[in-house]
1. Using a cut-off of 15 Å between beta-carbons, work out the net charge of the residues near residue 87 (Lys and Arg +1, Asp and Glu -1, residue 87 not included).
2. Carbon and sulfur atoms: what percent of the 1.4 Å accessible area of the chain do they account for?
3. Run the dipole for the chain about the Cα centre, Lys and Arg Cβ at +1, Asp and Glu Cβ at -1, nothing else charged, and hand back the magnitude in debye, nearest 20.
4. Based on Cα positions only, what radius of gyration and what Dmax would you give for the chain, in angstroms?
5. For the range 38-89, what's the relative contact order in percent, using C-alpha pairs closer than 8 Å and at least 6 residues apart?
6. How much area per residue is accessible in the range 4-63 when the probe is 1.4 Å and only protein heavy atoms are counted (Å²)?
7. What does the net charge come to around residue 4 if you take all other residues with beta carbon closer than 14 Å to its beta carbon, with K and R at +1 and D and E at -1?
8. Sum up the charges of everything whose Cβ sits under 12 Å from the Cβ of residue 36, counting Lys and Arg as +1 and Asp and Glu as -1, but leave residue 36 out.
Amino acid sequence: TNQSVVIATGNTFQTIATAAGRRSLTIQNNNASDSCWIVIGGALGSATKGIAILLGSGASYTRYYPLTPSDAIHGTCATSSDTIYIDIQ
């Protein structure tokens with residue numbers, strides 16, 4: 001499964017992937033200049049930039065089995081309508 005998730009409101013976390021078993025995971029910041037943040041696990045309401053993984057412009061986060069998280073993943077970017085690419089296998 002691969003998709004591009006559009007951030008509805010900048011600097012507000014939203015769920016970008018539900019909890020599920022995964023063999024591999026790649027998340028990439030698609031934006032030319034804005035930063036994005038991802039939080040793996042926990043409730044959506046508890047996701048903050050202070051506990052997030054920062055993805056600068058074009059940066060990515062990748063994990064492969066057996067180190068692939070199965071928790072929900074929450075993300076945000078600096079600006080509304082920014083996108084985060086996510087590939088799950």
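1. Charge balance in the 15 Å sphere: +3.
2. Details: 2330 of 4630 Å².
Carbon and sulfur: 50 percent of the exposed surface of the chain.
3. 200
4. So, for the chain, Rg and Dmax equal 11.8, 34 Å respectively.
5. Contact order relative to length: 47 percent.
6. Normalised by residue count, the accessible surface of the range 4-63 is 50 Å².
7. That sum, taken over residues with Cβ under 14 Å, equals -2.
8. Neighbour charge sum, excluding residue 36 itself: -1.
The values are calculated or read from the model by the stated rules, or taken from the named source; none is laboratory data. In this text the structure is predicted, and so the values were computed from the model without any measurement. Cβ: placed from backbone, ideal geometry, glycine included. Neighbour counts: every protein chain shown. Surface areas here come from the heavy atoms of the whole protein model, side chains and all, with no ligands, DNA or RNA. Shrake-Rupley method; radii C 1.70, N 1.55, O 1.52, S 1.80 Å.
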